[in-house]
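*Asks:* I have a structure here, written as structure tokens, and I will follow up with some questions on it.
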Amino acid sequence: MKKQPIFVAVDTNNIKRATQIVNATNKYIYGVKFGLEFFCSKGGRDAIKKFKNKNVKIFLDLKLKDIPNTVYKAIKSLKDVSPDYLTIHASGGLEMMKAAKKAQSETNKKLTVI
């Protein structure tokens, strides 16, 4: 079966449950969306790195919004996770969005900042 251009939202902080969801769907989907709850949970970051190896795109829905330097450094700190998509809040302002773009271009040119 061809993979569909959809993301599955993994809205849990339970790594075992997240693994079940990814394993059950990864043959059919384009990617998996993880929110702040999962990312910050114990072992969440490491689990996301393992899911990256299951041939699915990783969408981090972190909704970053802070001063430009903080957003810049936060995105730079995601280098080891290597997400494919990342959300930021446009309400953070133009300078923050420029800082996000700069971090993306220096860290992961394939990252799509949304």
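The values are calculated or read from the model by the stated rules, or taken from the named source; none is laboratory data. Quick caveat: nothing in here was measured; it's all calculated off a predicted structure. As a convention, Cβ positions derive from the backbone with ideal geometry for all residues, glycine included, and neighbour counts pool all protein chains shown.
*Asks:* Anything in the stretch 32-60 that is assigned to a helix (DSSP H, G or I), over 11 Å from Val81 (Cα atoms) and among the hydrophobic types (A, V, I, L, M, F, W, C)? List them, or say none.
*Replies:* Selection gives Leu36, Phe38, Cys40.
*Asks:* Right, another one. Could you tell me whether Lys63 is surrounded by fewer than 19 Cβ atoms within 10 Å (Cβ to Cβ), in a strand (DSSP E or B) and within 12 Å of the chain's Cα centre (by Cα)? Step through it out loud before you land on a result.
*Replies:* Values: surrounded by fewer than 19 Cβ atoms within 10 Å (Cβ to Cβ): yes; in a strand (DSSP E or B): yes; within 12 Å of the chain's Cα centre (by Cα): yes.
So Lys63 fits the description; yes.
*Asks:* Within the stretch 83-114, track down each residue that is polar (S, T, N, Q) and either loosely packed, with under 14 Cβ neighbours inside 10 Å or more than 15 Å from Phe39 (Cβ to Cβ) (or both). Please lay out each step first, then the result.
*Replies:* At the first step, the residues of the stretch 83-114 found to be polar (S, T, N, Q) are 87, 91, 104-105, 107-108, 112.
Those that are polar (S, T, N, Q) and either loosely packed, with under 14 Cβ neighbours inside 10 Å or more than 15 Å from Phe39 (Cβ to Cβ) (or both): Ser91, Gln104, Ser105, Thr107, Asn108, Thr112.
*Asks:* Six or more apart or on different chains, Cβ under 9 Å: which pairs go from a residue in the stretch 101-114 that's of a type in the set (Lys, Arg) and at pLDDT 95 or above to one that's crowded, with 19+ Cβ neighbours inside 10 Å and part of a helix (DSSP H, G or I)? Could you list them?
*Replies:* Once the first residue is of a type in the set (Lys, Arg) and at pLDDT 95 or above and sits in the stretch 101-114, its partners that are crowded, with 19+ Cβ neighbours inside 10 Å and part of a helix (DSSP H, G or I) give Lys102/Tyr72; Lys102/Ile75.
*Asks:* Taking Thr25, is it touching a helix residue (DSSP H, G or I) at 6+ places or on another chain (Cβ under 8 Å) and of a type in the set (S, T, N, Q)?
*Replies:* So Thr25 fails the test.
*Asks:* Determine whether the stretch 74-82 contains at least one residue that is outside any helix (DSSP H, G or I), surrounded by fewer than 17 Cβ atoms within 10 Å (Cβ to Cβ) and of a type outside the set (S, T, N, Q).
*Replies:* yes
*Asks:* Something else now. Sort out which residues of the stretch 83-100 are outside any loop (DSSP other than H, G, I, E, B) and closer than 27 Å to Asn26 by Cα, and write them in order of number.
*Replies:* Tyr85, Leu86, Thr87, Ile88
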